[in-house]
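Undergrad: Dropping a structure here in structure tokens format, bear with me for questions.
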Amino acid sequence: MKLSVSSLNFSFPTKKVLRDVSFSAHSGEVFGIVGPNGSGKTTLLRCLRLVLSPQGGAITLDGEDVTVWDRSRIARVFGVVPQSTTLTFPFSVFDVVMMGRIPHLGRFQREGAHDISIVRESMRLTSIDHLFERPISQLSGGELQRVIIARALAQEPRVLLLDEPTSQLDINHQFEVMKLVRSLAVEHNMVVIIISHNLNLSLRYCDRLLLLKDGGVHSCGASEEVLTPDNIRDVYGVEAQLDYNKCIGAHQLTLIDAIEKD
Ligand code: ADP
């Protein structure tokens, strides 16, 4: 499966944000979007699931034009994991994951055995089965993020979009979530697109990266070919060194210093 974006443009009334953005993300890989604050990452993700309507350009899934789909079809195909989630009512974990089934249920239709089995499978994949009846108000940040990922999986999406899902988590839970995301892409044949600020986690867990600068594509390709010292200097204004780390079998960046502006 392939999600392709070509020459995507988007402006808010007061600001042009995305300029001619093109890339393709494939099932079986983790595709990362990186770039400084304000470079257009979240806007791009919102355009992909058509919460914002692009003004020009094409978005296709296996060649099919996604921009003409109705809301309910988009909700069934695109699963979303936001940066953070505030659910104030003390729903149980099971209830929250079941919310992922809403796009598949008809109006006034109650969930059936099929929906329950999908919810249970989503909870198993995210290792939260034991939290089944727990009110979500009593979860740690890492547990809650896994519940939100399980809710997205219960939608049975073909494309999973994650907006900085590790930004609120401690380092242990960051690894846990990135490993889970990787296994979903590789073992469940989804297109997985993830925004991340953590460049070293991106190098380790993303196969390919799109680096945005001022709403345009600065570079796109294999993670270690995108996060080069030259590109980091150009886009972030930071001196960095990139080395292959044998211990973890991945490239890692050492961020040295911000470059002083004259
Ligand atoms: P990122 O996710 O890379 O930090 P965003 O996509 O959130 O960047 O924002 C890109 C640019 O669009 C920023 O300059 C931001 O100020 C601007 N922007 C975001 N939302 C709006 C809005 N509703 N109206 C006008 N400008 C916006």
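Undergrad: Out of L61, L45, L50, I need the residue that is modelled with pLDDT of 95 or more, closer than 30 Å to D115 by Cβ and within 16 Å of the ligand (Cβ to nearest atom). Which one?
TA: Result: L45 is the single residue among L61, L45, L50 that is modelled with pLDDT of 95 or more, closer than 30 Å to D115 by Cβ and within 16 Å of the ligand (Cβ to nearest atom).
Undergrad: Would it be correct to say that T67 is among the hydroxyl-bearing types (S, T, Y), more than 14 Å from the ligand (Cβ to nearest atom) and without any contact (Cβ under 8 Å) to a residue 12 or more places away in the chain?
TA: no
Undergrad: For the stretch 55-74, name all the residues that are out of contact with any Ser or Thr (no Cβ under 7 Å at 6 or more places or on another chain) and surrounded by 13 or more Cβ atoms within 10 Å (Cβ to Cβ).
TA: L61, T67, W69, I74
Undergrad: Right, next: Suppose the filter is within 16 Å of the ligand (Cβ to nearest atom), in contact (Cβ under 8 Å) with a residue 60 or more places away in the chain and surrounded by fewer than 17 Cβ atoms within 10 Å (Cβ to Cβ); does Q83 pass it?
TA: So Q83 passes the test.
Undergrad: Would you confirm, using the coordinates I've provided, whether V51 is buried (at least 17 other Cβ atoms within 10 Å of the Cβ) and either among the β-branched types (V, I, T) or outside any helix (DSSP H, G or I) (or both)?
TA: Considered against the rule, which asks whether it is buried (at least 17 other Cβ atoms within 10 Å of the Cβ) and either among the β-branched types (V, I, T) or outside any helix (DSSP H, G or I) (or both), V51 comes out as no.
Undergrad: How many residues, within the stretch 120-137, are farther than 12 Å from I148 by Cα and open to solvent by less than 40 Å² (accessible area, probe 1.4 Å)?
TA: The number of residues fulfilling the criteria is 2.
Undergrad: If the requirement is being in contact (Cβ under 8 Å) with a residue 40 or more places away in the chain and within 25 Å of V119 (Cβ to Cβ), which of these qualifies: V96, V21, V5?
TA: It is V96.
Undergrad: Identify the single condition in (1) farther than 17 Å from P165 by Cβ; (2) open to solvent by less than 50 Å² (accessible area, probe 1.4 Å) that G32 does not satisfy, given that it satisfies every other one.
TA: Condition not satisfied by G32: (1).
Undergrad: I'd like the full set of residues that are more than 28 Å from R46 (Cβ to Cβ), under 24 Å from the mean Cα position of the chain (by Cα) and outside any loop (DSSP other than H, G, I, E, B), limited to the stretch 77-130.
TA: Scanning the stretch 77-130 gives F94, R120, E121, R124, D129.
The values are calculated or read from the model by the stated rules, or taken from the named source; none is laboratory data. All values derive from a computational prediction rather than experimental measurement. Please note: Cβ atoms are built from the backbone with ideal geometry, for glycine as well, and neighbour counts cover all protein chains shown. Surface accessibility is based on the protein's heavy atoms, side chains included, excluding ligands, DNA and RNA. Shrake-Rupley method; radii C 1.70, N 1.55, O 1.52, S 1.80 Å.
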